């Protein structure tokens with residue numbers, strides 16, 4: 001009887017082959033994992049059931065035989081589902097263990113299979129040419145329902161006793177396996193009652209969809225949450241239903257007024273627009289990944305608020321820890337040779353960094369599911385030692401950033417949607433840190449350029465005390481016996497050396513790269529000392545330096561080096577502007593005054609002023625009106641002041657009036 005019917009490669013057979021391929025792919029990804037072997041065995045079983053079902057759907061003289069055979073094979077499908085469940089829950093992996101521990105399930109499935117061999121299961125109606133379902137068929141379906149209900153009950157009990165990835169995988173087995181089984185049984189019952197063979201033909205597609213989703217969710221490197229899968233499925237179903245009903249109604253309405261092609265184009269356009277609008281609304285209703293959205297906004301806010309690298313990393317670590325509900329988060333950054341963060345350093349020769357660069361992201365669950373390699377085993381040990389639940393890498397043009405988040409407080413593994421959120425956060429963090437590194441380097445370069453401009457002034461300032469010292473040294477042999485001369489000599493030497501020492505200290509302080517730290521200080525003495533540094537340069541250019549210190553009190557909350565750097569940069573810019581103006585009035589003025597929000601320092605000049613065209617972009621990098629330089633000075637001033645919660649602005653352009661830059665310092669500490 002088997003040979004009387006030849007296989008017809010219909011869609012059901014294609015689905016059977018696809019199920020076998022999916023199962024083999026799961027097995028090949030990690031043959032050592034019991035769950036993957038169980039899925040491969042289940043795939044072969046499902047493929048056999050689908051082939052038998054295909055023959056039964058073709059009917060004919062052998063229809064009754066193939067219906068019995070299909071039901072016989074289907075009676076034992078609960079066994080591979082149970083085997084997969086046990087492989088997840090207790091790592092059962094041998095066939096002998098299955099038959100010992102699951103003897104009751106084997107007996108139950110065998111009893112159901114025996115029903116299919118009796119005469120009161122299904123009979124062939126010779127007059128009408130169709131199968132008639134007897135009482136045994138309904139008893140068989142009732143038995144299947146009881147078996148799957150008990151299987152679900154046992155899965156629920158085991159799921160409550162588990163945590164982490166095993167709990168999630170049991171949830172997916174419960175959702176996918178049970179849903180597929182109950183839908184198939186429901187279709188069988190409806191077919192028997194309604195006599196609609198088309199319902200049975202839907203079964204292979206139902207089985208393939210649920211089976212493929214379940215296999216992907218449990219055996220691939222991407223960990224999924226059953227609730228997420230269910231919510232996404234419901235959202236997609238709602239989206240398709242709403243758009244389909246609306247498109248059908250629009251098409252019916254337009255068919256009476258427009259030609260066929262025009263009505264089709266209008267309907268398709270409307271459906272696409274409606275799909276985009278409805279999807280956005282459904283995303284808000286279902287609130288997909290609200291935690292990721294909050295973390296993204298917090299990361300953007302930190303990137304805009306903080307300028308210093310250490311403060312940025314501290315803020316980002318807090319964002320990552322909050323996002324992952326974890327007490328631990330790390331940020332490793334550096335060049336392609338190594339990444340460093342805290343007490344952790346990974347060199348480019350380390351197997352851990354090579355594995356991260358190859359995988360782009362890793363979780364302990366992914367490394368356990370995939371085929372093991374020396375690099376992945378080393379990375380797995382690294383995650384275990386550092387107590388990390390997920391790690392991702394983002395490689396920019398000049399900076400490499402590795403992010404790690406510790407195991408969450410709930411002990412749940414990080415799912416793939418969460419990994420994509422973390423990768424997006426890594427991109428934001430890498431961009432912010434790269435800008436901070438670039439800004440720090442440019443600030444140091446600008447400091448060195450300022451030191452170079454101070455060379456002439458410092459040479460003049462140092463030459464004066466050296467001339468005095470030289471004169472007294474030359475007179476010392478002839479006036480050594482004079483006590484008054486010796487006393488004056490010793491006092492002058494000490495004063496002049498102290499003066500030179502102060503000048504060199506200011507120069508070194510200005511040139512050294514540093515992290516700015518604001519504190520309460522008196523601004524006027526600081527500005528006076530800075531003006532003295534550029535006085536000689538201004539005198540050589542015949543530019544008059546004016547001061548108008550009206551602020552009283554003059555205490556501001558800022559960093560001395562930051563205020564000095566900004567003031568010198570603005571003075572040098574003002575002197576260059578005065579040189580370019582070639583006017584009779586040649587002056588640069590430094591003023592201070594108290595305002596309602598703090599203390600204001602203004603730098604004005606008699607130059608040509610700032611043209612309206614360049615004013616909106618004045619504090620952006622590479623904006624300059626000078627013939628030399630890169631246009632970074634004002635951008636650096638803005639960054640420096642941002643580090644100490646100060647601000648800089650320029651007055652609107654007025655014809656015949658030079659530029660006026662205003663720096664506003666707070667008078668008390670500001671929270672970051």
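Worth pointing out:
- Selection from region 32-42 of residues that are part of a helix (DSSP H, G or I) and either touching a strand residue (DSSP E or B) at 6+ places or on another chain (Cβ under 9 Å) or touching a residue at least 40 places away in the same chain (Cβ under 8 Å) (or both): 34, 35, 36, 37, 38, 39, 41, 42
- Selection status of residue 309, under 26 Å from residue 375 (Cα atoms), surrounded by 14 or more Cβ atoms within 10 Å (Cβ to Cβ) and in the same structural domain as residue 396 (by TED's automatic domain parsing): no
- Residue satisfying all of: in region 370-387; closer than 23 Å to residue 25 by Cβ and assigned to a loop (DSSP other than H, G, I, E, B); nearest to the chain's Cα centre (by Cα) among these: 370
- Evaluation of residue 374 against (1) closer than 30 Å to residue 160 by Cβ; (2) surrounded by fewer than 13 Cβ atoms within 10 Å (Cβ to Cβ); (3) at pLDDT 85 or above; (4) in contact with a helix residue (DSSP H, G or I) (Cβ under 7 Å, 6 or more places away or on another chain) (one fails), failing number: (1)
- Filtering 299, 303 for residues that are within 15 Å of the chain's Cα centre (by Cα) and at pLDDT below 85 leaves a single hit, 303.
- Evaluation of residue 563 against the conditions (1) buried (at least 20 other Cβ atoms within 10 Å of the Cβ); (2) touching a strand residue (DSSP E or B) at 6+ places or on another chain (Cβ under 8 Å); (3) in a loop (DSSP other than H, G, I, E, B) shows that the sole unmet condition is (3).
Every residue, every condition in (1) over 26 Å from residue 50 (Cα atoms); (2) in contact (Cβ under 8 Å) with a residue 40 or more places away in the chain, yes or no:
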| residue | (1), (2) |
| --- | --- |
| 208 | no, yes |
| 213 | no, no |
| 247 | yes, no |
| 250 | yes, no |
| 253 | yes, no |
| 259 | yes, no |
| 262 | yes, no |
| 272 | yes, no |
| 282 | yes, yes |
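- Candidate set: region 1-31, residues that are farther than 30 Å from residue 373 by Cβ and surrounded by 15 or more Cβ atoms within 10 Å (Cβ to Cβ); chosen: the one modelled with the lowest pLDDT: 5
- Summed over region 576-593, residues that are touching a helix residue (DSSP H, G or I) at 6+ places or on another chain (Cβ under 8 Å) and either buried (at least 21 other Cβ atoms within 10 Å of the Cβ) or free of Cβ contacts under 8 Å to residues at least 24 places away in the same chain (or both) total 3.
- Residues within region 403-416 that are over 16 Å from residue 299 (Cβ atoms) and in contact with a helix residue (DSSP H, G or I) (Cβ under 6 Å, 6 or more places away or on another chain), tallied: 2
- Residue within region 361-368 that is outside the structural domain of residue 29 (by TED's automatic domain parsing), touching a strand residue (DSSP E or B) at 6+ places or on another chain (Cβ under 6 Å), assigned to a helix (DSSP H, G or I) and surrounded by fewer than 22 Cβ atoms within 10 Å (Cβ to Cβ) present: no
- Set 320, 258, 264: member being farther than 30 Å from residue 333 by Cβ, touching a helix residue (DSSP H, G or I) at 6+ places or on another chain (Cβ under 8 Å) and part of a helix (DSSP H, G or I): 264
- The residue list 391, 402, 339 contains one member that is in a strand (DSSP E or B), under 15 Å from the mean Cα position of the chain (by Cα) and closer than 24 Å to residue 438 by Cα, which is 402.
- Checking each residue in region 223-277 for being crowded, with 17+ Cβ neighbours inside 10 Å and closer than 30 Å to residue 364 by Cβ picks out 223, 224, 225, 226, 228, 229, 235.
- Residue, farthest from the chain's Cα centre (by Cα), within region 654-672, restricted to residues that are over 27 Å from residue 306 (Cα atoms) and at pLDDT below 85: 656
The values are calculated or read from the model by the stated rules, or taken from the named source; none is laboratory data. Small disclaimer: the values here were computed from a predicted structure and weren't measured. Positions of Cβ are backbone-derived with ideal geometry, glycine not excepted, and every protein chain shown enters the neighbour counts.
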